[in-house]
């Protein structure tokens, strides 16, 4: 499958800048953050307070603080999860093919710690990048401008 973005692909047995024992991640993250970031879980649609947040600021990885998205690229996709049409920098996110749940999608992960963020789709704003980064709000920390 051709991946939808020009982000680097996750390599087999890739090492990340921030790597911690599972017991440390469990202590540092909330149950929801751990489920999403470390176990590739998905929060229920329309449950994240960040989904409807359009204040100016930056969205960082909740596990390691890697800046991923800005409010300037956030848009209301109606899907129930925070959506962005571009990342701060293509090197901040890595991608891989996800064949789980009977479908083939492109998973997006934090390039610094390997945390699962969500998926990327090609149904974003056509006048921008055409991409929709569909991100679990629980994988993000919001920093107001």
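Residues in segment 2-15 that are under 24 Å from residue 73 (Cβ atoms) and in contact (Cβ under 8 Å) with a residue 12 or more places away in the chain: 8 in all.
Within segment 10-25, if we keep just the residues that are surrounded by 13 or more Cβ atoms within 10 Å (Cβ to Cβ) and either touching a strand residue (DSSP E or B) at 6+ places or on another chain (Cβ under 9 Å) or at pLDDT below 85 (or both), the residue that is nearest to residue 104 (Cα to Cα) turns out to be 10. The single residue among 114, 118 that is in contact (Cβ under 8 Å) with a residue 12 or more places away in the chain and either exposed (fewer than 12 other Cβ atoms within 10 Å of the Cβ) or not in a loop (DSSP other than H, G, I, E, B) (or both) turns out to be 118. Of the listed requirements (1) under 12 Å from the mean Cα position of the chain (by Cα); (2) not in a helix (DSSP H, G or I), residue 138 misses just one: (2). Here residue 41 fulfils each of the conditions (1) within 19 Å of residue 87 (Cβ to Cβ); (2) in contact (Cβ under 8 Å) with a residue 40 or more places away in the chain apart from (1).
Filter segment 92-111 down to the residues that are within 11 Å of residue 66 (Cα to Cα) and surrounded by fewer than 20 Cβ atoms within 10 Å (Cβ to Cβ) and list them by number. Of everything in segment 92-111, just one residue is within 11 Å of residue 66 (Cα to Cα) and surrounded by fewer than 20 Cβ atoms within 10 Å (Cβ to Cβ), namely 92. Just checking, does segment 26-34 include any residue being farther than 14 Å from residue 134 by Cβ, at pLDDT 95 or above and not in a helix (DSSP H, G or I)? Yes: one or more hits.
Of the residues in segment 40-56, none is surrounded by 13 or more Cβ atoms within 10 Å (Cβ to Cβ), in contact with a helix residue (DSSP H, G or I) (Cβ under 6 Å, 6 or more places away or on another chain) and not in a loop (DSSP other than H, G, I, E, B).
Of all residues in segment 51-72, those that are farther than 14 Å from residue 133 by Cβ have Cβ atoms under 7 Å from Cβ atoms of residues that are at pLDDT below 95 and in a loop (DSSP other than H, G, I, E, B), 6 or more apart or on another chain, in 56/145; 57/145.
Check whether at least one residue in segment 89-107 is over 24 Å from residue 34 (Cα atoms), in contact with a strand residue (DSSP E or B) (Cβ under 6 Å, 6 or more places away or on another chain) and assigned to a loop (DSSP other than H, G, I, E, B), and report yes or no. No. Residue selection: residue 69 fails the criterion of being under 22 Å from residue 144 (Cβ atoms) and either surrounded by fewer than 16 Cβ atoms within 10 Å (Cβ to Cβ) or in contact with a helix residue (DSSP H, G or I) (Cβ under 6 Å, 6 or more places away or on another chain) (or both).
Six or more apart or on different chains, Cβ under 9 Å: which pairs go from a residue in segment 78-94 that's at positive phi and modelled with pLDDT under 95 to one that's surrounded by fewer than 19 Cβ atoms within 10 Å (Cβ to Cβ) and part of a loop (DSSP other than H, G, I, E, B)? Could you list them? Taking only residues 6 or more apart or on different chains, not a single pair turns up.
The values are calculated or read from the model by the stated rules, or taken from the named source; none is laboratory data. Fair warning: this is a prediction, and the values are worked out from it, not measured in the lab. Every residue, glycine as well, gets a Cβ built from its backbone with ideal geometry; the counts of neighbours run over all protein chains shown.
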